[in-house]
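Before any comments, here is the structure.
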Amino acid sequence: MNFDALLFLSFGGPEGPEDVRPFLENVTRGRGVPPERLEEVAQHYLHFGGVSPLNRLNRDIIGRVEKELAGRGIALPVYFGNRNWHPMVEDAVAAMAADGVRRALVFTTS
């Protein structure tokens, strides 16, 4: 089967202290999680500078995959989207559609 693109799909995570609370609210939306529980979890993220390693690790993997594809002469665009934080999968899919992608292989990383 032929593919037009590769989409890395992940969970997402905050990339700074200002992202922590909005990220957690996004993850738990519609689940009725009490604000005090969100604050407890936020403190865990803030203990590590408010940064999840997920986006960095995905970008590193994507860079390696792009390099490997290019080295093999394979012209396959690679996109990145998360379920719960930026870059959002909805934005990645919109970019793919705008770029004319019709068949994408999705690689989930979390």
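The values are calculated or read from the model by the stated rules, or taken from the named source; none is laboratory data. Since the model is a prediction, treat every value here as computed from it, not as a measurement. Because the Cβ atoms are built from the backbone with ideal geometry, glycine has one as well, and the counts that use them run over all protein chains shown. Ligands, DNA and RNA are excluded from the accessible area calculation, which covers all protein heavy atoms including side chains. Shrake-Rupley method; radii C 1.70, N 1.55, O 1.52, S 1.80 Å.
For region 89-110, a tally of residues being in contact (Cβ under 8 Å) with a residue 12 or more places away in the chain, open to solvent by less than 70 Å² (accessible area, probe 1.4 Å) and among the aliphatic types (A, V, I, L, M) returns 6. Within region 5-22, the set of residues being free of Cβ contacts under 8 Å to residues at least 12 places away in the same chain and among the hydroxyl-bearing types (Ser, Thr, Tyr) is empty. Considering every residue within region 70-86, establish whether at least one is open to solvent by 40 Å² or more (accessible area, probe 1.4 Å), more than 19 Å from Pro22 (Cβ to Cβ), without any contact (Cβ under 8 Å) to a residue 12 or more places away in the chain and part of a helix (DSSP H, G or I). Within region 70-86, one or more residues are open to solvent by 40 Å² or more (accessible area, probe 1.4 Å), more than 19 Å from Pro22 (Cβ to Cβ), without any contact (Cβ under 8 Å) to a residue 12 or more places away in the chain and part of a helix (DSSP H, G or I). Scanning region 65-84 for residues that are within 16 Å of the chain's Cα centre (by Cα) and farther than 18 Å from Phe3 by Cβ turns up Asn82, Arg83, Asn84.
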